[in-house]
Amino acid sequence: MALTVSVIIPTFCEAGGIADAVRRAQEVGDEVIVVDGGSTDGTAELARAAGARVVSAARSRGAQLHAGA
């Protein structure tokens, strides 16, 4: 049975570095899930354009990680 590795990245206003973070995560994971906590700087759109699946959740690391799982 093959394992699938998912990388979950909780974010809030990380437009400056999210595309690079997604690309690096794609090198080690089978899927990259960015869980955005309500960013207003285009983080979610940039993550999606870089190839991540984007999920929205309340801004809170625990809630965001749970939403991505």
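The values are calculated or read from the model by the stated rules, or taken from the named source; none is laboratory data. Please read all numbers here as calculations on a predicted model, not as lab measurements. So basically every Cβ, Gly included, is an ideal-geometry build from the backbone, and we count neighbours across all protein chains shown. Surface areas here come from the heavy atoms of the whole protein model, side chains and all, with no ligands, DNA or RNA. Shrake-Rupley method; radii C 1.70, N 1.55, O 1.52, S 1.80 Å.
Taking the Cα atoms only, what angle lies between the long axis of helix 18-28 and the longest principal axis of the chain, rounded to 10 degrees?
10
Within the set of other residues whose C-beta is less than 14 Å from the C-beta of ALA52, count the net charge using Lys and Arg as +1 and Asp and Glu as -1.
My count for the surroundings of ALA52 gives -3.
Over the chain, average the accessible area per residue using a 1.4 Å probe and give it in Å², no decimals. Before the final figure, lay out the partial values.
On the way: 4210 Å² over 69 residues.
For the chain, the per-residue accessible area is 61 Å².
With runs of 4+ DSSP H residues as the only contributors, calculate the mean residue ellipticity of the chain at 222 nm using -39,500 (n - 2.57) per run, divided by the residue total and rounded to the nearest 500. Walk me through the numbers on the way to the answer.
On the way: 3 runs with 26 residues, N = 69.
Calculated at 222 nm, the ellipticity per residue is -10500 deg cm²/dmol.
Only one of the values (i) 11.7; (ii) 17.6; (iii) 16.3 was calculated from this structure for Kirkwood radius over Cα pairs in Å; name its label.
This structure yields the entry labelled (i).
Suppose R0 equals 22 Å; then what is the FRET efficiency for ALA63 and GLU31 from their Cβ-Cβ distance, rounded to the nearest 0.05? Before the final figure, lay out the partial values.
Values: r = 20 Å, r/R0 = 0.91.
So, using R0 = 22 Å, E works out to roughly 0.65.
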